[in-house]
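Visitor: Pasting in a structure now, in structure tokens, and then I'll have a few things to ask.
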Amino acid sequence: MKIYRRISTWIMLGITVVIPLLFTIAFVLLTEDNNANNWEAMMLESQVLFLLITIFAVVKSSETVAGEFSRGTIKLLLIRPWSRSAILLSKFISIILFALLFTVVSFAVTWLANVVAFGYTANPANLISDQSPLAGGSPWAYALRYYLDEFITLVVVVTFGFMLSAAFRSSGLAIGLSLFLLFSGTMISGLLSLTDKAWVKYVLFPHLGLSTYLNGGTPVPNHPTTYAFSLGVLAVYFVIFNVISWTVFTKRDVSA
Amino acid sequence: MSQAPVVSLQNVSKRIGGRTIIDRLTLEVNPGEVFGFLGPNGSGKTTTIRMMVGLITMSGGDITIAGHSVKSAFPQAIARVGAIVENPEMYKYLTGYQNLIHFGRMNPGIDKARIDEVVALVGLQDRIHDKVKKYSLGMRQRLGVAQAILHRPALLILDEPTNGLDPAGIRELRDYLRKLSREEGTAVFVSSHLLSEMELMCDRVAIIQKGELIDIRSLRTESAGVSAAMEEVLFEVDRPSEAVTALEGRGSARFVDGGFSVTADRETIADMNARLVAAGIRVYGIRVKIKSLEDQFLEVTGGETIG
């Protein structure tokens, strides 16, 4: 209830719906040739949207724990017949559901808006590159796979923000650090790649770009990895983040 | 009603970085009792309360609530507790009613009827559907009490509950707490600085200083014992020296402004009055001087403020 009663959530949802609509309208108005098809437009808009959704979800996930501390309501929450683990888990689930909702809305809106604008194309020509593992397949599979990859990345980033929120009890710090790492992640990956060391494969950042597999590439140049490997690395980080969140939330005193 | 204590602190200690903040605190609160927790600033009252509700871990000892240990069986222990620790913080962007629904969901068995009942009990019916950010402090305190009693706790823990309440609010709270303890058998554990309020409200008080329990006193004197007790009595008379002479020096009298005071028991007071009137002395007033809680408190804690 708490997430959905805040105006900020509804504004975020509104933005998620409006932005792709604006993009679509822009495409229609600005492209002279009508080679543009609904799938391409959809993928373009989705890229932008996922960036936005990640920011929104990180803000919410940072808020959910740290906000309770800064507002003082954590006291009332903890003086209840619930273990601290249960409380933390329920918050985490609510954030994941939030991210899921926005992802689904994004898919629906981008698909619908572009089909309305451009008509439905069953076999778009330039959508899937030949190096992609999905080459020659249906655009549906491509789009869904893209969304799945991005959603997994989203979950890992949000877990990171959640962990910072629980550890530092400050939503500002959690949001700032998460977004900083998200954006500078590509740069850091690039820098690390220059060193050409094998252990770069184990660093988190390259693997956040899961969708590179889709287009036939690998996240870490010179050290090819498989999709399964990336998932594995992400899973390990996911577990580490959650263990930290859990330890810190359950064991520490609340004295503020 | 069983007389097993509702909450029992056994040798509770808290050490932070080598400093012992709470030192082997041991006390018990019985069902239906209003128990006051007094101490100078920094004596450890809030720390103790935070340990009782599980916000802070104990370095030593244990706290048992309704038979369950807070350390090993936290959810069962805390299920019988309602608490307000310092200011009752609510979600400002929700209405009072939504706040109660939210907290009510965390305890089993709280339905809409119970929420309505509690809202009526604290007198917030008119404003309960407004957002909390519009509430005055008094209303927030009342909402805090509401969330604390939703699940009919056996123990109500209040940390400085009269903060920010106007006299009418304080009076209402006091009456309500006494009613709770008498009618529902709820034990109430209150920590406060307002000694005059504690005096009116509490059955027993514990005095803590520098993390140590100094004393536990009962504030309700049994009427059976009073008649035999010797108390200090102040007589207001028009001619003190003549009055004392008329009493033939019975008991050692001290002269005070407007009269004199003696130590005497109940029957002797009546006798003295009769004699004074017979001797033509005008008696304007007779007052039994009870040492106020404030005097006792300051005496016991040596008047220091910071622990």
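The values are calculated or read from the model by the stated rules, or taken from the named source; none is laboratory data. All values reported here derive from a predicted model rather than from experimental measurement. In this analysis, Cβ positions are derived from the backbone assuming ideal geometry, glycine residues included, and neighbour counts consider all displayed protein chains.
Visitor: What number of residues in segment B:270-289 are in contact with a strand residue (DSSP E or B) (Cβ under 8 Å, 6 or more places away or on another chain) and farther than 14 Å from B:Val237 by Cα?
Guide: Qualifying residue count, segment B:270-289: 2.
Visitor: Test each condition in (1) out of contact with any helix residue (DSSP H, G or I) (no Cβ under 8 Å at 6 or more places or on another chain); (2) within 21 Å of B:Thr186 (Cβ to Cβ); (3) without any contact (Cβ under 8 Å) to a residue 60 or more places away in the chain for B:Thr48 and report the one that comes out false.
Guide: (3)
Visitor: Within segment B:1-116, considering only helices (runs of 4 or more DSSP H) that don't extend past its boundaries, which have at least 3 residues that are more than 9 Å from chain A (Cβ to nearest Cβ)?
Guide: The qualifying helices (runs of 4 or more DSSP H) are B:45-52, B:96-104.
Visitor: Pick from B:Met106, B:Met90: which is surrounded by 14 or more Cβ atoms within 10 Å (Cβ to Cβ), free of Cβ contacts under 8 Å to residues at least 40 places away in the same chain and closer than 21 Å to A:Ser90 by Cα?
Guide: One residue alone meets the criteria, B:Met106.
Visitor: Applying the selection to segment B:11-36, what residues are of a type outside the set (A, V, I, L, M, F, W, C) and within 28 Å of B:Leu200 (Cα to Cα)?
Guide: Answer for segment B:11-36, where residues must be of a type outside the set (A, V, I, L, M, F, W, C) and within 28 Å of B:Leu200 (Cα to Cα): B:Thr26, B:Glu28, B:Asn30, B:Pro31, B:Gly32, B:Glu33, B:Gly36.
Visitor: Next question. Can you tell which of B:Ala243, B:Ala224, B:Ala229 is assigned to a loop (DSSP other than H, G, I, E, B) and either modelled with pLDDT under 80 or in contact with a helix residue (DSSP H, G or I) (Cβ under 9 Å, 6 or more places away or on another chain) (or both)?
Guide: It is B:Ala229.
The rows are residues; the columns are (1) modelled with pLDDT of 70 or more; (2) within 16 Å of the chain's Cα centre (by Cα).
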| residue | (1), (2) |
| --- | --- |
| A:Ala198 | no, no |
| A:Val203 | yes, no |
| A:Pro206 | yes, yes |
| A:Gly209 | yes, yes |
| A:Leu214 | no, no |
| A:His223 | no, no |
| A:Thr226 | yes, no |
| A:Leu231 | yes, yes |
| A:Tyr237 | yes, yes |
